[in-house]
Amino acid sequence: MSNRFNRRLEAKKIRIDNAEFEFLKEHPQQANNGDESRYGQRNYFANFSKGLPHPTATGEVDPAAYAQLLHATQTGINAEYEAIPLGIAGGRKFTNPQAGWNFDVEGGDAQSYVIPPAPEFASAEAASEMVELYWMALSRDVCFNDYGTDVIIKQAVKDLNNMTDYHGNGPANGTVTTNNVFRGSSSGDLWGPYISQFLLMDVPYGSLCVKQMQKTAVTGKDYLTIYSEWLDAQRGKNLQVPYNPCIPLSTDPGVYDPAIKYIRSLRDLANYVHVDKLYEAYLNACLILTGMGAPVDKGNPYINSQTQVGFGTFGEPHILSLVTEVATRALKAVWHQKWNVNRRLRPEEYGGRVEKNIGGLYPIHADLMNSQALVQTKAKFAGSALLPQAFPEGCPTHPSYGAGHATVAGACVTILKAWFDESFVIPNPVIATCDGLGLKPYVGGDKLTVGGELNKVAANIAIGRNAGGVHYWTDYTASLKLGEDIAIAILEEQKATYHEAVYFTLQKFDGTSIFI
């Protein structure tokens, strides 16, 4: 056994070696989609500006205010951030724009990760993403169990199949159908029920058994479809409604349903991701898996031990802390992308451009302007082309690309897939009833595996934000991969610190298998 001095040297060497390991990775060139330069002379209409002054009737930002925000993101100086003007005195503040400047001592540096540029504002791909969001808004109250027969879902499928450059479960991945519409694109996402078992099954939380029934939003109520209210939101008016699932439901009539319910529609899913604590679903998934005695990955060093079990390392305390600790590192990396690189406008803002696209004022692709999604939205909301929001306040006060929920999903789920045997079939799967008041057995033919349902819960959470009207398809796909990269880097570094002989195996979101 090494003496104390040698132990100090060994600990130092591990830290230095890990730092050198990350240092040798190239920091790639960061690039956005060019909209900021392309339309900067036209008041930056294609970029995120919520919370800044918006003096014009078209809802475009004050260019001087945007220039100050841009300057702050390029300098990183606190005083420059403090100089950014708010649209309304005492209005909503910007969410953590300095996060991406922070360093970390584990995994890659927040600014060492890269995601592809977002689709350009004027592109057919961006138009198709907006068409999908309009249909998701129109479909918020359709029960997932009814997707095969519902008229609105069938209309959405037809419209999406007519898009020139749709990258969801469409031309790139086969025809859009009622079975794959609004679902994720990884292995397992299309198997069985829409909602992952990890959002339905009871959660064993110590001595408590937590049923996953939530205080959810009332059906049929959408927000920011009246232009004056939309414009107030862009200027930073605080329209948030307090949410506490532990207070009596009668204190917030007209906003939340009087009964707690299981997730059974896009509105329910959007409500979940409106107020969740980001790694909440994956902590719950971990508790469900350990509670059911799901087998661990074959690389776990104690899997075949005759005399030992894991605890502080390779036992429940280890995985419960590991699955949550990656979240803050994921957020630093994606916040760098949001504020310092991309500054993509939110779908809510894009909807404002559609509303004011009189005489072709903005370069919006014809696929969106001629879509049935827009026709039906206008018919439902008194001629308004604004994207109906699921949340009273609309989107958050930070840019759209990448997505925080999706990046955390990618990171946390990657940890869980590395830890557990992904091929294990989950026993006794369930689905929610369409009234949301109960569960019933899932009797479909698909076997629901740990790996598939973990991919699905990541998609559910990320796409749930799309269902709320606050993110796009590519926000989900790029960010999921970003989170995966972050988690793999952390696993690689932590492996050097383990005394036990350990390795991890997992299937990535793109279907490839890796060994760590």
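The values are calculated or read from the model by the stated rules, or taken from the named source; none is laboratory data. Given the structure is predicted, the values throughout are model-derived calculations rather than measurements. Because the Cβ atoms are built from the backbone with ideal geometry, glycine has one as well, and the counts that use them run over all protein chains shown. Just the protein is used for accessible areas: all its heavy atoms, side chains included, with ligands, DNA and RNA removed. Shrake-Rupley method; radii C 1.70, N 1.55, O 1.52, S 1.80 Å.
One table, with the values for the structure above:
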item	result
Residues being farther than 22 Å from F420 by Cβ and part of a helix (DSSP H, G or I) - total across region 320-347	14
Which listed residue is at negative phi, modelled with pLDDT of 95 or more and among the polar types (S, T, N, Q), from N47, N18, N43, N6	N47
Residue match in region 504-515 (condition: free of Cβ contacts under 8 Å to residues at least 12 places away in the same chain, surrounded by fewer than 24 Cβ atoms within 10 Å (Cβ to Cβ) and under 17 Å from S186 (Cα atoms))	yes
Residue that is farthest from P97 (Cα to Cα), among those in region 398-424 that are crowded, with 24+ Cβ neighbours inside 10 Å and among the aromatic types (F, W, Y)	W419
Identity of the residue in region 284-337, more than 20 Å from L506 (Cβ to Cβ) and among the β-branched types (V, I, T), that ends up least open to solvent (accessible area, probe 1.4 Å)	V334
Meets criteria (over 30 Å from Y166 (Cβ atoms), in a helix (DSSP H, G or I) and open to solvent by less than 50 Å² (accessible area, probe 1.4 Å)) for G100	yes
Residue in region 449-488 that is surrounded by the fewest Cβ atoms within 10 Å (Cβ to Cβ), counting only those that are of a type in the set (D, E, K, R), farther than 30 Å from Y223 by Cα and touching a helix residue (DSSP H, G or I) at 6+ places or on another chain (Cβ under 7 Å)	K481
Whichever residue in region 432-451 is assigned to a loop (DSSP other than H, G, I, E, B) and in contact with a Ser or Thr (Cβ under 9 Å, 6 or more places away or on another chain) and, among such residues, is nearest to Y147 (Cα to Cα)	C434
Lone qualifier among E82, E132 - being of a type in the set (D, E) and free of Cβ contacts under 8 Å to residues at least 40 places away in the same chain	E82
Answer residue from region 29-42, given it is part of a loop (DSSP other than H, G, I, E, B) and open to solvent by less than 40 Å² (accessible area, probe 1.4 Å) and is farthest from A333 (Cα to Cα) among those	Y39
Some residue of region 489-502 being surrounded by 24 or more Cβ atoms within 10 Å (Cβ to Cβ) and either in contact with a helix residue (DSSP H, G or I) (Cβ under 6 Å, 6 or more places away or on another chain) or not hydrophobic (A, V, I, L, M, F, W, C) (or both)	no
Residue, modelled with the highest pLDDT, within region 174-216, restricted to residues that are of a type in the set (G, A, S) and under 20 Å from G468 (Cβ atoms)	S196
Count of region 378-397 residues which are open to solvent by less than 20 Å² (accessible area, probe 1.4 Å) and in contact with a Pro (Cβ under 7 Å, 6 or more places away or on another chain)	1
Sole exception among (1) closer than 30 Å to T225 by Cα; (2) free of Cβ contacts under 8 Å to residues at least 12 places away in the same chain; (3) in contact with a Ser or Thr (Cβ under 9 Å, 6 or more places away or on another chain) for A467, by number	(2)
E120 being open to solvent by 30 Å² or more (accessible area, probe 1.4 Å), under 29 Å from T177 (Cβ atoms), at pLDDT 95 or above and not in a helix (DSSP H, G or I)	yes
